[in-house]
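Novice: First, the structure itself, so that you have it in front of you.
The values are calculated or read from the model by the stated rules, or taken from the named source; none is laboratory data. Because the structure is a prediction, the values reported are computed rather than measured. Positions of Cβ are backbone-derived with ideal geometry, glycine not excepted, and every protein chain shown enters the neighbour counts.
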Amino acid sequence: MALDTREVVSANQAMTRLLRYDTSREEYVRGHHPDHHAGRIVPTGVALILATLPPLQSSDNFVDIGSGIGNVEVQVALES
């Protein structure tokens, strides 16, 4: 599925808002500093991305490189 220019701009705006997410209120595993992660995406961020993009079809592929334990994939599967 090809995205048109408006969809690309919209997705870019969603990612910009997502990366501004305030993680200062999140709880982290004891012994880990909040800065010791590779850019965690929280469920509200995933929902924002999904709401911005065209609906995923059964023929689409969704890949999250470096997905940790797969929370993003599970959320995308449940919400698509």
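Novice: Condition first: free of Cβ contacts under 8 Å to residues at least 24 places away in the same chain and among the aliphatic types (A, V, I, L, M). Now tell me which residues in the stretch 52-80 satisfy that.
Specialist: If the condition is that a residue be free of Cβ contacts under 8 Å to residues at least 24 places away in the same chain and among the aliphatic types (A, V, I, L, M), then VAL63, ILE65, ILE69, VAL74, ALA77, LEU78 are the ones that fit.
Novice: When you look at TYR28, is it surrounded by 10 or more Cβ atoms within 10 Å (Cβ to Cβ), modelled with pLDDT under 65, assigned to a loop (DSSP other than H, G, I, E, B) and in contact with a Pro (Cβ under 6 Å, 6 or more places away or on another chain), yes or no? Please lay out each step first, then the result.
Specialist: Details: surrounded by 10 or more Cβ atoms within 10 Å (Cβ to Cβ): yes; modelled with pLDDT under 65: yes; assigned to a loop (DSSP other than H, G, I, E, B): yes; in contact with a Pro (Cβ under 6 Å, 6 or more places away or on another chain): yes.
Yes: the conditions hold for TYR28.
Novice: Does the stretch 50-57 include one or more residues that are modelled with pLDDT of 85 or more, in a loop (DSSP other than H, G, I, E, B) and surrounded by fewer than 12 Cβ atoms within 10 Å (Cβ to Cβ)?
Specialist: Yes; the residues of the stretch 50-57 include at least one that is modelled with pLDDT of 85 or more, in a loop (DSSP other than H, G, I, E, B) and surrounded by fewer than 12 Cβ atoms within 10 Å (Cβ to Cβ).
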